[in-house]
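Here, each number is a calculation from the coordinates, and none is a lab measurement. Keep in mind the model is a prediction, meaning the values are calculated, not measured. As a convention, Cβ positions derive from the backbone with ideal geometry for all residues, glycine included, and neighbour counts pool all protein chains shown.
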Ligand code: SF4
Ligand code: SF4
């Protein structure tokens, strides 16, 4: 009798489970589809602005970038995806100026960490969201970012001789506030470290007094 009961109980459980599964299937059947029909939808495809697809040098309206070939991005890149070549040009006052000759970027080894962008003092770099980067050979992923004509030596000299524009007061105030905040943070960290060191010192002193054989007397 109990085996018949178990049999019908398991049949009931099976039917309940099937109904539950079919409910999920039915719900998905009527839910609007969100599958992207790529590449047919290429014209209407919306990629998030902040998507990191490829490193680029920012160019202004005159086709000039702001890179000064300082090499900070190259030094900060954790996997050597950036390789710079620079050259020195002589200015009329006899001073020498370093200028960019070639900026190579290996998209194939880039981890899109963005350290290069955030560390650039000139704000000369950005990531584009152009995600279509498939190629057949890896060497095609090594790109020269300064692909537009570089300024001539005469243009560099003229730019160096031109008076520097006054800094925007708002920007100046921001830089000052950041510097003050940084100094306050360093001071607070230093004080905390000193406090911790003195506490540790006094702890070790009291431990040594407690451990000394005369401490019981
Ligand atoms: S991109 Fe920026 S960090 Fe890199 S070399 Fe040029 S100025 Fe320096
Ligand atoms: S995003 Fe990171 S890995 Fe890629 S080039 Fe910049 S620093 Fe190097």
Query raised in the report: Helix-derived [θ] at 222 nm for the chain: sum -39500 (n - 2.57) over DSSP H runs of at least 4, divide by residue count, nearest 500?
Result: -14000 deg cm²/dmol
Query - Calculated FRET value between residue 59 and residue 202, using beta carbons and R₀ = 45 Å, to 0.05 - result: 0.15
